[in-house]
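Just so you know, all these numbers are worked out from the coordinates, no wet-lab data involved. These numbers were taken from a predicted model, which means no experiment stands behind them. For neighbour counting, all protein chains shown are included, and Cβ atoms are generated from backbone atoms with ideal geometry for every residue, glycine included.
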Amino acid sequence: MLAMLISCSDIYKMEERSNKIHYYLIPGMGADHRLYSNCELKHGAVHYLDWIPSGQSKNLKDYAALLANEITTENNIIVGSSMGGMVTVELARQINPLAAILISAPTGRHEFPRVLKTFDFLKIHRAITPSQIMRISGLADLFMGFKTKEQKALFYDMLKGNGPEFLHFSVNAVLGWRNKQIPDCPFIQILGTHDKLFKKGKIKDAIMIEGSGHFTAYEKAKEVSAIINQYVETNILPKIET
């Protein structure tokens with residue numbers, strides 16, 4: 001009789017707490033959970049944090065606070081690609097995860113390429129409307145480094161799905177990101193050797209994936225998964241199993 005009084009949500013919460021690790025995967029700007037469709041992460045449950053409306057958020061810190069409400073578990077590892085990695089840095093200060101995994105992403109503005117700093121300095125993005133943002137979205141070709149037509153088609157389908165308002169917010173939030181502090185939690189950075197946006201010259205301690213561009217999370221999902229799994233096995237599991 002007592003068991004019948006336990007709601008489905010209570011059972012779900014107990015099951016969540018029983019899992020050792022929870023991965024929360026945040027896509028890049030304009031992308032969605034399909035970015036990680038080929039990843040195979042071990043030792044825990046995988047949750048996809050697709051982008052939600054920015055609401056009253058003025059910056060990435062504000063937006064991370066919104067996403068933090070979507071995380072209801074313990075023993076969390078946050079994985080973020082590109083802009084998602086920047087949000088991961090901000091999230092890490094708010095929920096204290098076991099670790100942060102940054103893919104094709106900087107820890108702060110000090111790892112920005114000159115082109116992003118120049119765009120911010122010129123403030124061109126502030127004069128562009130959401131509808132104009134969508135019309136010039138094809139400029140992503142210059143830095144994404146697509147290797148196949150399938151990769152390109154997927155990216156622009158994801159971009160269209162997120163809509164102009166969120167893309168407009170994203171561009172302004174990324175260019176306006178002022179953080180210069182590394183995450184408070186343990187973290188690693190994974191970077192493609194052919195990334196045209198974030199480079200090893202700025203991100204010196206990154207784990208490099210040969211031949212990969214800015215679309216690394218999708219393009220090199222097998223290699224990315226292996227790096228994360230090994231990191232978790234070596235650095236995270238021993239701590240939570242003791």
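For LYS199, the lysines whose Cα comes closer than 22 Å to its Cα, not counting residues fewer than 8 places off in the same chain, are LYS117, LYS147, LYS152, LYS180, LYS220, LYS222.
Ordering 230-241, 64-75 by mean Cβ neighbour count within 10 Å, with the highest value first, yields 64-75, 230-241.
Each residue of segment 206-218 is assigned a 3J(HN,Hα), and the resulting list reads 6, 7, 8, 10, 5, x, 9, x, 6, 8, 4, 4, 9 Hz, derived from the Karplus form 6.51 cos²θ - 1.76 cosθ + 1.60 (θ = phi - 60°), x at Gly and Pro.
For the peptides 41-53, 186-198, the ranking by packing is 186-198, 41-53, with the highest mean count of neighbouring Cβ atoms within 10 Å listed first. Under a model in which nothing but the beta-carbon of Lys, Arg (+1) and Asp, Glu (-1) is charged, the chain shows a dipole of about 1020 debye around its Cα centre. Protection proxy ranking of 21-29, 54-62, 116-124, 217-225, by the mean of other Cβ atoms within 10 Å over each peptide's residues and highest first, is 21-29, 217-225, 54-62, 116-124.
Close amide H pairs (under 5 Å, H built 1.01 Å from N) link TYR48 with LEU25, residues at least 5 positions away or on another chain.
In sequence order, segment 68-78 has phi-based couplings of 4, 5, 7, 9, 10, 10, 10, 6, 9, 10, 9 Hz under the Karplus curve 6.51 cos²θ - 1.76 cosθ + 1.60, θ = phi - 60°, and Gly or Pro positions carry x.
Here's how it looks for PHE187: its modeled amide H is under 5 Å from those of ALA100, which are all 5 or more places away or on a different chain. Any chance you could give the angle, 0 to 90 degrees and rounded to 10, that helix 221-231 forms with the longest Cα principal axis of the chain? Roughly 50 degrees between the two axes. Principal-axis analysis of the Cα atoms of the chain puts helix 149-175 at an angle of about 90° to the longest axis.
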